[in-house]
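Accompanying notes for the structure given below.
The numbers here are math on the coordinates, done by the rules we state, and not lab data. Just so you know, these numbers come straight off a predicted model, no measurement behind them. Don't worry about glycine lacking a Cβ; one is built from the backbone with ideal geometry, like all the others, and counts go over all protein chains shown.
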Amino acid sequence: MIDFANGTIVKLNPSQPDEGVLAMLVTGEQVYRSFKGIRDSVHFTSKRIIAVNVQGLTGKKVDYSSLPYAKIQAWSIETAGRFDRDCELEIYFSGLGKVRLEFAGSVDIKVLGQIIADHVL
């Protein structure tokens, strides 16, 4: 589960956006990168970050959180190392606080940092 109060999520792997996320996009918005954990997912678009939290045992209840790039105050990336195989992205949102996302070591975390920089700076 994506827990903004706790600020962490299980390791995310590259994936494709699902129909629910695609239906939320506004005119001209594109999905740049999508990542999925066990049930939850995160999508970096041309306008925002969409966090998808699947709830309940059946997974029929789904929470979609829209995190606009304009609310990002700071961010940091941590690349994978030899023994620490995962990489991390920490984003500090105005009014929300810190959100920490862990990705599998195969993810090029620098690309995500660049996507954020392109929209924030």
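In this label model, S94 and A70 are separated by 0.9 nm, measuring between points 7 Å along each Cα→Cβ vector. Take every DSSP beta bridge whose two residues both sit in the chain; close to 95 percent of them are antiparallel. With 0.36 nm allotted per residue and the present C-alpha distance subtracted, the Q16-S46 stretch has 9.3 nm of extension available. The relative contact order of the chain, computed from alpha carbon pairs under 8 Å that lie at least 6 residues apart in sequence, is 23 percent.
Summarising the label geometry, the points placed 7 Å from Cα in the beta-carbon direction at K110 and V31 lie 2.6 nm from one another.
List the pairs from K11/K71; K71/K98; K71/K110; K47/K110; K36/K60 whose alpha-carbon separation is above 22 Å, in the order I gave them. Over 22 Å Cα-Cα: K11/K71. Kirkwood hydrodynamic radius computed over the chain comes to 14.6 Å, based on all pairs of distinct alpha carbons.
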